[in-house]
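Reviewing the structure listed below.
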């Protein structure tokens, strides 16, 4: 059985809203990190982004397994439960990083770009 893995390698940027108001544009991908996401997740303000760091050459099935589980949530669960009763369900997606390309640049990217302060 073939499962299409949705991996986006091109640089992707996304506008995020900051807790104190306003927003900024963040870079989701880097040379070490790709996306496991639906195309629609990129434009959805409710998307929950999760960092995944794994040794891709030694554990190639790990990213595939994570993406399979993510797609099952999309297919059957329609995402994560809403934060408030009656609110929209929340998609979740992964910024998947290859640890063999360097831990320091990966965590620098994940922290500086994706952690909202």
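The values are calculated or read from the model by the stated rules, or taken from the named source; none is laboratory data. Source: prediction; values computed, not measured. Don't worry about glycine lacking a Cβ; one is built from the backbone with ideal geometry, like all the others, and counts go over all protein chains shown.
Descriptive notes on the structure:
- Unmet requirement for residue 57, which otherwise passes all of (1) part of a strand (DSSP E or B); (2) more than 24 Å from residue 25 (Cβ to Cβ): (1)
- Subset tally (residues that are over 18 Å from residue 41 (Cα atoms) and part of a loop (DSSP other than H, G, I, E, B)) for the range 60-108: 4
- For the condition in contact with a strand residue (DSSP E or B) (Cβ under 9 Å, 6 or more places away or on another chain), surrounded by 14 or more Cβ atoms within 10 Å (Cβ to Cβ) and either over 23 Å from residue 98 (Cβ atoms) or modelled with pLDDT of 85 or more (or both), residue 27 does not qualify.
- The set of residues in the range 82-117 that are touching a strand residue (DSSP E or B) at 6+ places or on another chain (Cβ under 9 Å) and in contact (Cβ under 8 Å) with a residue 60 or more places away in the chain comprises 95, 96, 97, 98, 101, 105, 106, 109, 110, 113, 114, 116.
- Residue 85 meets all of the listed conditions (1) modelled with pLDDT of 90 or more; (2) surrounded by fewer than 18 Cβ atoms within 10 Å (Cβ to Cβ); (3) closer than 24 Å to residue 26 by Cα but one, namely (3).
- Within the range 53-81, the set of residues being surrounded by fewer than 14 Cβ atoms within 10 Å (Cβ to Cβ), within 23 Å of residue 115 (Cα to Cα) and touching a residue at least 12 places away in the same chain (Cβ under 8 Å) comprises just one member, 55.
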